[in-house]
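The values are calculated or read from the model by the stated rules, or taken from the named source; none is laboratory data. What you are looking at is a predicted structure, and each value in this text was computed from that prediction instead of being measured. Using ideal geometry, Cβ is built from the backbone for each residue, glycine included, and neighbour counts are taken over all protein chains shown.
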Amino acid sequence: GAGVSQSPSNKVTEKGKDVELRCDPISGHTALYWYRQSLGQGLEFLIYFQGNSAPDKSGLPSDRFSAERTGGSVSTLTIQRTQQEDSAVYLCASSPDSVGTEAFFGQGTRLTVV
Amino acid sequence: GENVEQHPSTLSVQEGDSAVIKCTYSDSASNYFPWYKQELGKRPQLIIDIRSNVGEKKDQRIAVTLNKTAKHFSLHITETQPEDSAVYFCAAFSGSARQLTFGSGTQLTVLP
């Protein structure tokens, strides 16, 4: 079946512009994570959605970052007034439940702020 | 919340030798411990995982051990090959926070 899908694959934007990154999780997966990965670095946790619970936003680096998950499925990560330091690969992952099972990653969105 | 520490950050081994990567976690309620491999330019993918009710799991050249008392777990790769070169991430799933926390990653290089 289909895996986690992210769009766009690549995004080049001018400094100061807003961007929206989309994640389509695997159907039926209740848990959804967003991570940021700078070149050669680890996975920086951004936000976590689990079912109808309030999201864990503790990893969002500033108030320019926000995320939504509509209908418990598709998620959108929005970065307002982008800065050059926002340039990174943004990865989304989903997993079936909250018990503890494999998380499946999307291919990521490579964001470049010029 | 959960805190996962991973060591070393870089590891170089000769082809055919073994590689060991270690992680510690802080939340005693953590009950699921996956390991992911990320090749250059690719997404992280699960290679092996272990639950808290077992102490060791093996899959061909890869094994994971878990010490719940000490709150640490390790990845062991035997007979390393150049295609094992990648970044490896450990993670712990906290039963209390109900979410997965990743370690900082280990860049493994297998020298031919």
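When the criteria are applied in full, A:VAL74 meets the requirement of being touching a residue at least 24 places away in the same chain (Cβ under 8 Å) and at negative phi. Looking at region A:1-39 only, could you name the residues that are within 21 Å of A:SER58 (Cα to Cα), assigned to a strand (DSSP E or B) and of a type in the set (Ser, Thr, Tyr)? Passing the criteria: A:TYR33, A:TYR35. A residue that is over 23 Å from A:VAL4 (Cα atoms), surrounded by fewer than 20 Cβ atoms within 10 Å (Cβ to Cβ) and modelled with pLDDT under 95 cannot be found anywhere in region B:8-20. Against the conditions (1) surrounded by 15 or more Cβ atoms within 10 Å (Cβ to Cβ); (2) away from chain A (no Cβ under 12 Å); (3) touching a residue at least 12 places away in the same chain (Cβ under 8 Å), B:LYS57 satisfies every one except (3).
Considering region B:69-95, the residues that are in contact with a Phe, Trp or Tyr (Cβ under 6 Å, 6 or more places away or on another chain) and within 13 Å of chain A (Cβ to nearest Cβ) include one that is surrounded by the fewest Cβ atoms within 10 Å (Cβ to Cβ), namely B:PHE89.
Each row is one residue, and each column tells you yes or no for (1) under 11 Å from the mean Cα position of the chain (by Cα); (2) within 14 Å of chain B (Cβ to nearest Cβ); (3) over 26 Å from B:ALA86 (Cβ atoms).
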site: A:LYS15; (1), (2), (3): no, no, yes
site: A:VAL19; (1), (2), (3): no, no, yes
site: A:ILE26; (1), (2), (3): no, yes, no
site: A:SER38; (1), (2), (3): no, yes, no
site: A:GLY42; (1), (2), (3): no, yes, no
site: A:TYR48; (1), (2), (3): yes, yes, no
site: A:ASP56; (1), (2), (3): no, yes, yes
site: A:GLY59; (1), (2), (3): no, yes, no
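Check whether at least one residue in region A:74-87 is over 26 Å from B:ALA86 (Cβ atoms), of a type in the set (Lys, Arg) and modelled with pLDDT of 95 or more, and report yes or no. Yes - at least one qualifying residue is present in region A:74-87. Taking region B:1-62 as the region of interest, the strands (runs of 3 or more DSSP E) fully inside it that hold 1 or more residues being in contact with a Phe, Trp or Tyr (Cβ under 6 Å, 6 or more places away or on another chain) and β-branched (Val, Ile, Thr) are B:4-7, B:19-25, B:45-51. Among the numbered conditions (1) more than 14 Å from every other protein chain (Cβ to nearest Cβ); (2) in a strand (DSSP E or B); (3) of a type in the set (Val, Ile, Thr), the only one that B:THR101 does not meet is (1).
Being on the phi < 0 side of the Ramachandran plot and assigned to a strand (DSSP E or B) holds for only one residue in A:LEU46, A:LEU60, and it is A:LEU46.
Consider region B:96-112 and keep the residues that are in contact with a Ser or Thr (Cβ under 8 Å, 6 or more places away or on another chain) and surrounded by fewer than 18 Cβ atoms within 10 Å (Cβ to Cβ). The one that is nearest to A:ASP56 (Cα to Cα) is B:SER104.
Of the residues making up region A:78-96, those that are under 18 Å from B:LEU100 (Cβ atoms) and either more than 9 Å from chain B (Cβ to nearest Cβ) or of a type in the set (Gly, Ala, Ser) (or both) are A:TYR90, A:CYS92, A:ALA93, A:SER94, A:SER95, A:PRO96.
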